[in-house]
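Participant: Got a structure here, written out as structure tokens. Questions coming.
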Amino acid sequence: MILREALQSATQTLRTAGIADASVEAELLLGHVLGISRTQLYTEPERSLTSVEAEHLWRLVRRRLDHEPAAYILGRCEFYGIDFYIDYHTFIPRPETELLVEKAVELAQRISHREEQITIADIGTGCGAIAVSLALALPQAKIYATDVSASALQVAEMNCRRHGVNSQVELLLGNLLEQLPQPVDMIVANLPYIKDCEFKDLSPEIRKFEPTMALAGGEDGLDKIQQMLEQMPGKLSYGACFLLEIGQGQGGMVTSLIKSYFPQASIELISDLGGIERVVKVGL
Ligand SMILES: C[S@@+](CC[C@H](N)C(=O)[O-])C[C@H]1O[C@@H](n2cnc3c(N)ncnc32)[C@H](O)[C@@H]1O
């Protein structure tokens, strides 16, 4: 079989099974098997696949048909223009979280004129996507990255080493803010925010494969955010700020919750490109 036929056949198989973006997914799987980029696939469409390559491709297609996300099959994903190693222990970083990073970088650049090094904590770091992105964008910042999952932190460590920020990012195993060794200037968090009642409606890709502890936010989705707000006294330096990613429709409830802990806080809800309130920016 030649490359063009393999691509067409994999695309058709995925499309028939109802997999969204079947052609992109087929390109990713075939590119992975051949060790070439998606664009390179189109430079030699007549290349023959060996039987080993063809078998490998169909093994991957079968995993995708079983709803395993491509990021786990490939062991990688791209976030904020950076390549991250990923495995089953970590949540797959989503494009919408890039807005959180973008706003954190803007804010950090505004406040980093002060003489001391700015300190930022990424709470629930997972594979380290936010922490590594912030470290690369803000080379003067000290970043703490916490997670309750030791396995996720091992992946985060690999990503920190891979991108040369392991001395800038300190990984801490523990519940939310508990292990922070000093008050920080900024907290950034994409904590679990799926409501219990929403679980049954999640796609099988998410429900069957992503770690529940990275998703489950309790009855109203806000358990982890509330626990973190409770822990904040003593963990933030004077004039600090924090940014949270939230789920669709949670803006009003999160605002009230923050006001109940910090009545004087200035709170801004920032929408993503789809018009969904996605980031809460809080100044204290
Ligand atoms: C939605 S994922 C976000 C991962 C990553 N920050 C991102 O944006 O791609 C939530 C993360 O929070 C972690 N987490 C859940 N409960 C936690 C807790 N009590 N303390 C610290 N981290 C927690 C999970 O293990 C998971 O890695």
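The values are calculated or read from the model by the stated rules, or taken from the named source; none is laboratory data. Not measured: the values here are computed from a predicted model. We place every Cβ from the backbone using ideal geometry, glycine too, and count neighbours over all the protein chains shown.
Participant: Out of the residues in segment 89-100 that are in contact (Cβ under 8 Å) with a residue 40 or more places away in the chain and not in a loop (DSSP other than H, G, I, E, B), state the one that is farthest from Ile130 (Cα to Cα).
Facilitator: Leu99
Participant: Which pairs do you get when a residue that is within 19 Å of Glu116 (Cα to Cα) and among the aliphatic types (A, V, I, L, M), found in segment 165-193, comes within reach of a residue that is more than 9 Å from the ligand (Cβ to nearest atom) and in a loop (DSSP other than H, G, I, E, B), reach meaning Cβ atoms under 6 angstrom, with the pair 6+ apart or on two chains?
Facilitator: Note: pairs meeting the criteria are Leu180/Lys235.
Participant: Here is a further query. Quick test for you: out of Tyr72, Tyr42, pick the one residue that is within 16 Å of the ligand (Cβ to nearest atom) and farther than 18 Å from Ser133 by Cα.
Facilitator: Numbers: Tyr42 fails: within 16 Å of the ligand (Cβ to nearest atom).
Sole residue among the options that is within 16 Å of the ligand (Cβ to nearest atom) and farther than 18 Å from Ser133 by Cα: Tyr72.
Participant: Given the criterion over 18 Å from Ala104 (Cα atoms), under 20 Å from the mean Cα position of the chain (by Cα), modelled with pLDDT of 95 or more and of a type outside the set (S, T, N, Q), identify the matching residue among Leu257, Leu222.
Facilitator: Values: Leu257 fails: under 20 Å from the mean Cα position of the chain (by Cα).
Result: Leu222 is the single residue among Leu257, Leu222 that is over 18 Å from Ala104 (Cα atoms), under 20 Å from the mean Cα position of the chain (by Cα), modelled with pLDDT of 95 or more and of a type outside the set (S, T, N, Q).
Participant: Another question, then. Could you grab the pairs with beta carbons closer than 8 Å, sequence gap of 6+ or different chains, first residue in segment 1-15 and part of a loop (DSSP other than H, G, I, E, B), second one of a type in the set (Ser, Thr, Tyr)?
Facilitator: Between residues of segment 1-15 that are part of a loop (DSSP other than H, G, I, E, B) and residues that are of a type in the set (Ser, Thr, Tyr), the close pairs are Met1/Ser9; Met1/Ser48.
Participant: Can Ile92 be described as within 29 Å of Gln8 (Cα to Cα) and touching a Leu at 6+ places or on another chain (Cβ under 6 Å)?
Facilitator: Details: within 29 Å of Gln8 (Cα to Cα): yes; touching a Leu at 6+ places or on another chain (Cβ under 6 Å): no.
No; evaluated as a whole, the condition is false for this residue.
Participant: Could you list, ordered by first residue, the pairs with Cβ atoms under 8 Å in which the first is in segment 257-278 and assigned by TED's automatic domain parsing to the domain that holds Asp220 and of a type in the set (Ser, Thr, Tyr) and the second is loosely packed, with under 12 Cβ neighbours inside 10 Å and not in a strand (DSSP E or B), at least 6 apart or interchain?
Facilitator: Hits for this filter: Tyr261/Glu230.
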